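Chemist: Below you'll find the structure I mean.
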Amino acid sequence: MLREMQVGRRRLADYRSLVARDLLAEVRELATAVRGLRVCHVSAHGTRGGIAELLVGMVPLLNDVGVDASWRVLGGSDEYFRVGRALHDGLQGAPTAISDHDMRVYERHSLLNAGGMTGHFDVVIAHDPHPLGLRQGLDSDGDTTWIWRCHLDLSEPDPAAVERVRPLLDPFDLGVFHMPSYLAPNLVRDPVVIPPAIDPLTPKNMLLAADDAAHVVSRFGVDPTRPLMTQVSRFEPWKDPMGVIDAFRLAREEVPGLQLALVGPRRTAEASGEDHFQRTRDHAGGDPGIHLLSDEQDLGPVEVNAFQTQADVVVQKSLREGFGLTVTEALWKARPTVASDVGGIPRQITDAVTGYLVDSPERCAARVVDSIRDPAWAHEMALRGKQRVRDEFLTPRLLRDWLGLLRRVAMR
Ligand code: UDP
């Protein structure tokens, strides 16, 4: 069931030239107070998606500065993952119908996973709703601090889902959220805000030369000599791939030759079980300008990087969003970015300053056209976006915030 993820090595020193020197000094100073602290992260998935992205970088860095950090990933049946996903979708506001039977499936698997929590931890950090059930399956001597790391926007949750989650959260000591506006009132006892970050040293975010990016996208049938609009996202309704296609078709009327790449993993543990990749493909209707690319075509981090780097405009037309790491990634690559005014996106994009914020396919199309017609201005905004990411949304800042919180926990 529960399995331990093997993470590689990372050194804080490798970030020296990418972030402010003071920040690294602050990290080292905080780390002295939590040396040897046993911290276990638990998540539903070990690859793909924002949480895995974050943990791949964070866990080795925590170890590098002296914390005894590990990461475990839940196991279980499709049904169990569907219930977890329904809790997830419900907390983000989707109407859900989670039955008592569903909850029994969830609790049974949570118990089985709890059996795999061998060893003693000073702190357990459960990411999103899937691992919340672990806490109840474990005898606790009270020495362990349980933290819920919520990556979701809880500002307008489905009340039925909240009532399902409330008893699971009850024994948790702390909740960590991306933004103050995401806190659901009275759901966790001690809410803390820590925005996420991206790791500039991963293959996804390292600088890729323009000719290499062009080479990679051409292998997937994209013409690197024509303009490209890219969205990188899971194929699911919140990411609105259909809306992206509508915006693309409108924009192409003004920018002949424009191409669209929709890049994302095909298989996701959807609560609804629907195949949104197929639905998106139907909506694209065989349009030769639209490229749907998934992990089935061997699309790894370097390829995602290439599609972002090659894009004349990156879009993120989400209807709801946690933080929107894909926006952070696009800005870090200094790409002109057009994204919805939802979730953590306005924290990253100030409209017409570091990119464009939009609220409809029509506005999205208009801003894509603006960005392509005035590349100098679009690039200037993108460079400001990159600076914002450098100042606020790279891994060392995230590490500093977590170390601050862990120090607080250790001193309790
Ligand atoms: N991602 C990826 N491969 C894909 C699609 C997405 O590696 O085919 C990554 C993407 O680059 C980003 C993360 O998954 O780092 C998605 O995070 P985000 O916060 O944008 O959305 P989430 O999936 O967490 O809702």
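Bear in mind these aren't lab numbers, they're just calculated from the coordinates by the rules spelled out. If you're wondering where the values come from, they're calculated on a predicted model, not measured in any experiment. Methodologically, a virtual Cβ is constructed for each residue, glycine included, from the backbone with ideal geometry; neighbour enumeration extends over all protein chains shown.
Chemist: Taking the highest mean first, how do the peptides 67-73, 383-389, 201-207, 21-27 order by number of other beta carbon atoms within 10 angstrom per residue?
Modeler: Ranking, from highest mean packing down: 67-73, 383-389, 201-207, 21-27.
Chemist: Among bridges DSSP assigns within the chain, what percent are antiparallel (round to 5)?
Modeler: 5 percent
Chemist: Compute the convex hull volume of the Cα atoms of segment 42-167, divide it by the residue count, and report the result per residue in Å³ as a whole number.
Modeler: It comes to 111 Å³ per residue, whole-number rounded.
Chemist: If you take every residue apart from Asn305 with its C-beta less than 9 Å away from the C-beta of Asn305, what net charge results, scoring Lys and Arg +1 and Asp and Glu -1?
Modeler: Local net charge: 0.
Chemist: What percent do you get for the relative contact order of segment 56-198 when only Cα pairs under 8 Å and 6+ apart count?
Modeler: Taking the mean separation of contacting Cα pairs over the length of segment 56-198, I get 21 percent.
Chemist: Scattering from the C-alpha atoms of segment 251-355 alone, worked out with Debye: what is log10 I(q)/I(0) at q = 0.10, 0.14, 0.16, 0.21 1/Å?
Modeler: -0.31, -0.63, -0.84, -1.35
Chemist: Follow-up. Quick check: pseudo-label points 7 Å beyond the Cα along Cα→Cβ at Asp298 and Asp100, how many nm apart are they?
Modeler: 5.2 nm
Chemist: Also, I was wondering about something else. At q = 0.09, 0.15, 0.17, 0.21 Å⁻¹, what log₁₀ I(q)/I(0) does segment 119-252 have when each alpha carbon counts as one equal point scatterer in the Debye sum?
Modeler: For segment 119-252, the Cα-only Debye profile gives -0.47, -0.90, -1.00, -1.26.
Chemist: Another question, if that's okay. Given Cα positions, please report Rg to Rh for segment 199-247, the hydrodynamic radius being the Kirkwood one.
Modeler: When Rh is taken as the Kirkwood radius, the ratio is 1.04.
Chemist: Mind checking which lysines have their Cα closer than 18 Å to the Cα of Lys317? Skip sequence neighbours fewer than 8 apart in that chain.
Modeler: Excluding near neighbours in sequence, the set is Lys239.
Chemist: Using a Gaussian network model of the chain whose springs link C-alpha atoms within less than 10 Å, name the residue from Gly324, Gly285, Gly90 with the highest mean-square fluctuation.
Modeler: Among Gly324, Gly285, Gly90, the largest mean-square fluctuation in the Gaussian network model of the chain belongs to Gly285.
Chemist: Let me ask you something else. Restricting to DSSP H runs of at least four residues, report the calculated mean residue ellipticity at 222 nm for the chain, -39500 (n - 2.57) per run over all residues, nearest 500 deg cm²/dmol.
Modeler: -13000 deg cm²/dmol
Chemist: Something else now. Once the Cα gyration tensor of the chain is found, what semi-axes does its equivalent ellipsoid get, as square roots of 5 times the eigenvalues, in whole Å, sorted largest first?
Modeler: 35, 25, 18
Chemist: Can you give the relative contact order of the chain as a percent, counting alpha carbon pairs under 8 Å and 6+ residues apart?
Modeler: Reported as a whole number, the value is 17 percent.
Chemist: Calculate the tail of P(r) for segment 84-137: the fraction of all Cα-Cα distances greater than 17 Å, expressed in %.
Modeler: That tail contains 41 percent of the Cα-Cα pairs.
Chemist: Next question, about the same structure. Based on the alpha carbons, how large is the Rg to Rh ratio for segment 224-304 when Rh follows Kirkwood?
Modeler: Rg/Rh: 0.97.
Chemist: Reachable aspartates and glutamates from Lys333, Cα under 13 Å, same-chain residues fewer than 8 places away excluded?
Modeler: Candidates past the 8-residue exclusion: Asp199, Asp312, Glu380.
Chemist: Now, a different point. Over segment 289-412, what relative contact order in percent results from Cα pairs under 8 Å that are six or more residues apart?
Modeler: 22 percent
Chemist: Beyond 17 Å, what share of the Cα-Cα pairs of segment 310-360 remains, rounded to the nearest whole percent?
Modeler: Tail of the P(r) past 17 Å holds 19 percent of the pairs.
Chemist: Using DSSP to define loop residues, name the GluC sites (Glu not before Pro) in segment 193-270 whose beta-carbon has at most 14 other beta-carbon atoms within 10 Å.
Modeler: none
Chemist: What's the ranking of 325-332, 214-221 by average number of surrounding C-beta atoms within 10 Å, highest first?
Modeler: Highest mean packing first, the order is 325-332, 214-221.
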